[in-house]
1. Looking for something of a type in the set (D, E, K, R), under 15 Å from the mean Cα position of the chain (by Cα) and open to solvent by 80 Å² or more (accessible area, probe 1.4 Å) - is there at least one such residue anywhere in region 154-169?
2. Please determine, by comparing only the residues of region 127-147 that are within 21 Å of LYS50 (Cα to Cα) and out of contact with any Leu (no Cβ under 9 Å at 6 or more places or on another chain), which one is least open to solvent (accessible area, probe 1.4 Å).
3. Whether any residue in region 162-170 is among the small types (Gly, Ala, Ser) and not in a loop (DSSP other than H, G, I, E, B) is what I want to check.
4. Does region 34-49 contain any residue that is modelled with pLDDT under 90 and in contact with a helix residue (DSSP H, G or I) (Cβ under 7 Å, 6 or more places away or on another chain)?
Amino acid sequence: MHSMMHIMVQHITSESENFMYHNIFLGLKENVSLKEIKILEMKYSFTMPKLIKKHFLRYNGGCPEKNVFVSENGSRYVLLNFIPIKYDDYDLDKVLSLVRDENIMPKWLIPFAEDGAGDFFCYSLKKDELGAIYHYTHEFNYGESPESYVTYLTSSITEFIESLVEEDEN
């Protein structure tokens, strides 16, 4: 079993070394290891989808040069930065602690980036749409369901990042 885990770790790590987008990431934090991701997954009882894990093994935090997502209906979502797994004062552990303690986000969403207005880009943990990307708006009143403030954007992190445009593009 130990050797199987080692082979799996080695396989994912070698895949992540060649994992790149047609978008430049600026301000990346120190690389994280698969072990560091596993610790976070265990602490918050979730399993990161494979593509998300590959992304964070290669890109820990940072901001893509092209950072605007335009939805099918023309809504624009500006991405400020990706939340690093580790090596930042505002890392994923701190964000998850806040949203879980305050119970302000559906448990099936995990934030991975923010827009600068207190809202998050998240990925889904639902089996039928694992890794799908959503935008979560925190502007709801006490007693309202946060589920009403979740907007589907696209089916994967790769599709999300590859479809980002520069802020002045349409």
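1. Taking region 154-169 as the starting set, the residues that turn out to be of a type in the set (D, E, K, R) are 159, 162, 166-169.
Right, trim to under 15 Å from the mean Cα position of the chain (by Cα) and you get 159, 162.
With the extra rule that they be open to solvent by 80 Å² or more (accessible area, probe 1.4 Å), the set shrinks to 159.
Looking through region 154-169, at least one residue is of a type in the set (D, E, K, R), under 15 Å from the mean Cα position of the chain (by Cα) and open to solvent by 80 Å² or more (accessible area, probe 1.4 Å).
2. Pass one, region 127-147, residues within 21 Å of LYS50 (Cα to Cα): 127-135.
Narrowing the set further to residues that are out of contact with any Leu (no Cβ under 9 Å at 6 or more places or on another chain) leaves 127-130.
On the way: LYS127: 200, ASP128: 136, GLU129: 46, LEU130: 94 Å².
Within region 127-147, the match that is least open to solvent (accessible area, probe 1.4 Å) is GLU129.
3. Quick first cut of region 162-170, residues among the small types (Gly, Ala, Ser) only: 163.
From the residues that got through so far, the ones that are not in a loop (DSSP other than H, G, I, E, B) too are none.
Looking for residues that are among the small types (Gly, Ala, Ser) and not in a loop (DSSP other than H, G, I, E, B), one finds none in region 162-170, hence no.
4. From region 34-49, those modelled with pLDDT under 90 are none; that's our starting set.
No, every residue in region 34-49 fails to be modelled with pLDDT under 90 and in contact with a helix residue (DSSP H, G or I) (Cβ under 7 Å, 6 or more places away or on another chain).
The rows are residues; the columns are (1) modelled with pLDDT under 95; (2) in contact with a strand residue (DSSP E or B) (Cβ under 9 Å, 6 or more places away or on another chain); (3) farther than 20 Å from VAL32 by Cβ.
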site: ASN73; (1), (2), (3): yes, no, yes
site: PRO84; (1), (2), (3): no, yes, no
site: ASP88; (1), (2), (3): yes, yes, no
site: SER97; (1), (2), (3): yes, no, no
site: ASN103; (1), (2), (3): yes, no, yes
site: PRO106; (1), (2), (3): yes, yes, yes
site: PHE120; (1), (2), (3): no, yes, no
site: LEU125; (1), (2), (3): no, yes, no
site: GLY131; (1), (2), (3): no, yes, no
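The values are calculated or read from the model by the stated rules, or taken from the named source; none is laboratory data. It should be emphasised that the depicted structure is a prediction, and the values quoted were computed from it without experimental measurement. Don't worry about glycine lacking a Cβ; one is built from the backbone with ideal geometry, like all the others, and counts go over all protein chains shown. To get the accessible areas, we keep the full protein, side chains included, count just its heavy atoms, and leave off ligands, DNA and RNA. Shrake-Rupley method; radii C 1.70, N 1.55, O 1.52, S 1.80 Å.
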